Ligand code: ASP
């Protein structure tokens, strides 16, 4: 089985002027994931590595750079899933950690739970030795302009820079990770699609894997990621499945911002989005490409 890493930096309309930097950030994340795979690492290690690079990069709405909620605070959602045992872990509305994806993986591997939220997630992170940081450290990049009072309104149109990665390793294991600061101006405590299984992401070695981005309130209503995986299981290519699930979403919910990347059990990839851009990059059989 030839290894694959497929990464996106969010589907959005308002980063036309930052495209070159976005491409560079997504490239760095993709190569970080590939480095893990090429050294024989697991798909889970690869997606965690890729997502951590983007959480550390203030251009993306994840970790550093997370959009601010209506209280002008950072609250983040993240999830990981692996496709062999359907292992799944997520955190929601977590604060004061730089890499929520790491905490999501610890939930999966070190607890008997799937989702841990808010203060409990922060306490769990601390107990697991994950360093906490002042919230101000996470307010960076695209989130800084949201400190203006007029920006304290919920703006689903300002979803966009959520990050995600899918990997398949040499053993054929599929894994996915996503991380987000969520939508700008969201209510404190609001949870989007990203940490919810089948909505923000899904992985099942028998079906394929998906990582989504966009208006979480819309995506969760149609189980966006699981629906895409089901379409691949019905025989659609990842590209056909990505386009079809996006069409289904728009028919059901109406115009709404969304994007998705997919990998099927054969390691083939596909992507679709209805925004100006969704920077996405792939390395498969050692070959790199990037699109937006
Ligand atoms: N899906 C994310 C959310 O609703 C936002 C995004 O993808 O940009 O929280």
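What follows draws every value from the coordinates through simple rules; no lab data is involved. This one's a predicted model, so the numbers in the text were calculated from it and none came from an experiment. Glycine gets a Cβ as well: all are built from the backbone with ideal geometry, and neighbour counts include every protein chain shown.
Between segment 193-219 and segment 68-100, what's the alpha-carbon centroid distance in Å?
If you average the Cα positions of each part, the centres end up 13 Å apart.
With the chain treated as a Gaussian network of Cα nodes joined by springs under 10 Å, which of 281, 228, 212 yields the largest mean-square fluctuation?
Most flexible of the set in this elastic network: 281.
Fewest to most neighbouring Cβ within 10 Å: what's the order for 207, 174?
207, 174
Under 10 Å, Cα contacts only: if you run a Gaussian network model on the chain, which one of 261, 196, 253 comes out with the highest mean-square fluctuation?
Highest fluctuation among the options: 253.
In nm, give the distance between the simple-model label positions of residue 17 and residue 171, each being 7 Å from the Cα along the Cα-to-Cβ direction.
The modelled label-to-label distance comes out at 4.8 nm.
Once each part is reduced to its C-alpha centroid, what is the distance from segment 4-36 to segment 228-292 in angstrom?
The two parts, judged by their Cα centres, are 15 Å apart.
Suppose we keep just the DSSP beta bridges with both residues in segment 1-131; what percent of those would be antiparallel, to 5?
Roughly 60 percent of the DSSP beta bridges within segment 1-131 come out antiparallel.
Give, in whole angstrom and from largest to smallest, the semi-axes √(5λ) of the equivalent ellipsoid of segment 64-113, with λ running over the eigenvalues of the Cα gyration tensor.
Its equivalent ellipsoid spans semi-axes of 24, 9, 9 Å.
By how many nm would the segment from residue 38 to residue 268 lengthen if fully extended, with 0.36 nm per residue of separation less the alpha-carbon distance?
81.0 nm
As an exercise, use a Förster radius of 41 Å and the Cβ-Cβ distance of residue 110 and residue 24 to find the FRET efficiency, rounded to the nearest 0.05.
For R0 = 41 Å, the calculated efficiency reads 0.75.
Using Cβ contacts closer than 10 Å as the measure, can you line up 117, 36, 103, 279 from fewest to most? Don't jump to the answer; show the numbers that get you there.
Numbers: 117 17, 36 22, 103 25, 279 28.
Arranged by neighbour count, lowest to highest, 117, 36, 103, 279 become 117, 36, 103, 279.
Taking 2.2 N^0.38 Å as the expected size of a compact globular protein, what ratio does the Cα radius of gyration of the chain give against it, to two decimals? It would help to have the intermediate numbers written out before the result.
Working: Rg = 16.8 Å, N = 292, 2.2 N^0.38 = 19.0 Å.
That works out to 0.88 for the chain.
Out of all DSSP beta bridges in the chain, what portion is antiparallel? Express it as a percent rounded to 5.
95
Please compute the contact order of the chain in relative form: average sequence separation of alpha-carbon pairs under 8 Å and at least six residues apart, divided by the residue count, as a percent.
Here the relative contact order equals 25 percent.
Rounded to the nearest 0.05, what FRET efficiency do residue 240 and residue 85 have when you use their Cβ-Cβ distance and R0 = 22 Å?
Numbers: r = 28 Å, r/R0 = 1.27.
The computed FRET efficiency comes out at 0.20.
Once every DSSP H run of n ≥ 4 in the chain is given -39500 (n - 2.57) and the sum is divided by its residues, what mean residue ellipticity at 222 nm do you get, rounded to the nearest 500 deg cm²/dmol? Show your work: numbers first, answer last.
On the way: 7 runs with 84 residues, N = 292.
Mean residue ellipticity at 222 nm (helix-derived): -9000 deg cm²/dmol.
Give, in nm to one decimal, the length gained when the segment between residue 132 and residue 290 is fully stretched (0.36 nm per residue of separation minus the Cα-Cα distance).
Details: separation 158, 0.36 × 158 = 56.88 nm, distance 3.35 nm.
Roughly 53.5 nm would be gained on extension.
Determine by what factor the alpha-carbon radius of gyration of segment 156-292 differs from 2.2 N^0.38 Å, reporting the quotient.
Working: Rg = 14.0 Å, N = 137, 2.2 N^0.38 = 14.3 Å.
Compactness ratio reported: 0.98.
List 220, 135, 1, 54 from most exposed to least, where exposure is judged by having the fewest other Cβ atoms within 10 Å.
In order of increasing Cβ crowding within 10 Å: 1, 135, 220, 54.
Picking from 224, 67, 124, which is most flexible by a Gaussian network model of the chain using Cα springs under 10 Å?
Among 224, 67, 124, the largest mean-square fluctuation in the Gaussian network model of the chain belongs to 124.
Classify segment 1-153 as rounded, prolate or oblate, taking a ≥ b ≥ c as the square roots of the eigenvalues of its Cα gyration tensor: rounded when a/c is under 1.5, otherwise prolate if a/b is larger than b/c and oblate if not.
oblate
Between residue 70 and residue 2, what length in nm is gained on full extension when 0.36 nm per residue of separation is reduced by their alpha carbon distance?
Taking residue 70 through residue 2 to full extension adds about 20.0 nm, to one decimal.
State whether segment 172-217 is rounded, prolate or oblate according to the following rule on the C-alpha gyration tensor (a ≥ b ≥ c being the square roots of its eigenvalues): a/c under 1.5 gives rounded; otherwise a/b larger than b/c gives prolate, and the remaining case gives oblate. Before the final figure, lay out the partial values.
Working: a/c = 3.21, a/b = 2.95, b/c = 1.09.
Prolate is the answer for segment 172-217, as a/c is 1.5 or above and a/b outweighs b/c.
If r is the Cβ-Cβ distance from residue 251 to residue 140 and R0 is 45 Å, what FRET efficiency results, to the nearest 0.05?
0.75
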